1. How much length would be gained if the chain were fully extended between residue 299 and residue 116, taking 0.36 nm per residue of separation minus their Cα-Cα distance, in nm to one decimal?
2. For region 51-156, just the Cα set please: Rg and Dmax, both in angstrom.
3. In deg cm²/dmol, rounded to 500, what helix-only [θ] at 222 nm does the chain give when every DSSP H run of at least 4 residues adds -39500 (n - 2.57) and the total is split over its residues?
4. What is the packing order of peptides 316-326, 52-62, 81-91, taking the mean over residues of other C-beta atoms within 10 Å and listing the highest first?
5. Can you run phi through the Karplus equation (6.51, -1.76, 1.60; θ = phi - 60°) for region 145-154 and list ³J(HN,Hα) in whole Hz, with x for Gly and Pro?
6. Please list 3J(HN,Hα) in residue order for region 169-178, calculated via the Karplus relation 6.51 cos²θ - 1.76 cosθ + 1.60 where θ = phi - 60°; whole Hz, with x for glycine and proline.
7. Provide the gained length on full extension for the span residue 210 to residue 62, in nm with one decimal, where the gain is 0.36 nm per separating residue minus the Cα-Cα distance.
8. Rounded to whole Å and ordered largest first, report the semi-axes of the equivalent ellipsoid of the chain derived from its Cα gyration tensor (root of 5λ).
Amino acid sequence: MTGTVTRALVTGVTGQDGGYLAEHLVAGGATVHATVRPGARSRPLSRHLTALGDALVLHEVDLLDPGAVRALVADVAPDEVYNLAAESSVARSWADPVGTAQLNAVLPALLLDAASALGSTGGARGVRVLQASSAEVYAGTATVPQDESTPLLPTNPYGAAKAHAHHLVAVHRARGLHAVAAVLYPHESPRRPTAFVTRKITSTVAAIARGEAEELVLGNTAARRDWGWAPDVVVAMVAALRHDEPQDYVVATGVAHSVEDFVRAAAERAGVADWRERVRIDPAFFRPTDAAELVGDPTRARTALGWAPSRTFEEVVGAMVDADLEGR
Ligand code: GDP
């Protein structure tokens with residue numbers, strides 16, 4: 001570690017959360033070392049990442065190559081590791097369960113192992129590791145809301161791989177590594193890809209409002225999620241890792257809404273009055289299994305970290321619709 005500048009290693013920086021996390025870390029004075037795929041450094045970065053200038057240092061690494069991951073961790077010698085690289089879609093995890101297992105379970109195993117090997121030589125305080133876990137690790141539970149003591153019970157390949165990583169965090173922590181699993185409930189923003197239902201809804205509703213689309217085709221509109229605001233979630237992740245006591249945190253709003261609620265709020269914001277007639281249900285978008293009610297209890301994050309969501313559900317939907325109406 002040079003001087004007092006925190007050196008963070010971030011995987012998944014090109015994703016929604018990675019971008020917000022890098023921005024938050026740099027705003028706090030950190031240098032962010034981030035991994036990109038081999039060959040990707042020559043490709044243009046998003047304007048958000050470009051704006052970080054020299055505070056963002058890119059490393060081309062094949063994250064599934066154990067030797068390369070170990071060498072990266074040893075070379076960067078980070079104070080903090082944030083593992084956000086993952087297959088992020090439950091839907092896609094059914095289509096590619098092996099790739100999902102590699103990214104969502106094997107990569108965390110590699111990083112935790114490399115961080116443990118680095119040990120206390122990683123920085124003044126020793127290297128700390130934050131694993132982005134997911135509400136999907138609780139998908140099969142009857143307990144509502146879920147908290148850090150709720151047993152993991154995944155129901156899809158994505159959740160199963162995330163559960164493996166989540167357990168490994170505890171295993172390494174028991175052996176002395178400062179490792180934290182942040183159990184992230186779904187969190188949205190204008191940067192969310194349209195493969196996710198929230199951004200699919202806001203981008204399509206905005207297109208309908210502009211007269212550029214006729215209908216919104218969806219699957220299970222009764223599905224309920226605890227949807228938060230992505231920039232809030234990265235604040236929780238950093239606070240969780242910097243807390244003196246390494247422990248896991250549920251990062252959630254504590255309130256669930258249905259997909260239909262989301263459509264209604266988006267349509268109201270965009271001024272699409274006849275939204276009910278615009279929605280068409282297509283079984284192709286249904287899941288083999290769908291968690292009925294995932295809602296998190298964020299009490300620990302609130303009491304230990306002083307963390308709270310900064311936006312209500314309506315404000316999250318509104319910000320996303322506004323961005324899509326403006327074509328941002
Ligand atoms: P994920 O479940 O965290 O991967 O997030 P998604 O945004 O893909 O899905 C959230 C919920 O919306 C799930 O319960 C889906 O079954 C439901 N859903 C309903 N219609 C759609 C749709 O058209 N696309 C997607 N992606 N999800 C849908």
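Every read-out reported here was derived from the displayed coordinates using simple, explicitly stated rules and does not represent laboratory data. Owing to the predicted nature of the structure, the values given are computational and were not obtained by experimental measurement. So basically every Cβ, Gly included, is an ideal-geometry build from the backbone, and we count neighbours across all protein chains shown.
1. Details: separation 183, 0.36 × 183 = 65.88 nm, distance 2.96 nm.
Value of the extension gain: 62.9 nm.
2. 16.1, 48
3. On the way: 13 runs with 130 residues, N = 328.
So the helix-based figure for the chain works out to -11500 deg cm²/dmol.
4. Details: 316-326: 20.5, 52-62: 14.7, 81-91: 22.9.
Highest mean packing first, the order is 81-91, 316-326, 52-62.
5. After applying 6.51 cos²θ - 1.76 cosθ + 1.60, I find x, 8, 10, 5, 9, 5, x, 6, 8, x Hz.
6. Result, ordered by residue: 4, 5, 4, 5, 4, 5, 9, x, 7, 7 Hz.
7. Working: separation 148, 0.36 × 148 = 53.28 nm, distance 4.20 nm.
Here the segment from residue 210 to residue 62 would lengthen by 49.1 nm.
8. Values: eigenvalues 220, 95, 68 Å².
Its equivalent ellipsoid spans semi-axes of 33, 22, 18 Å.
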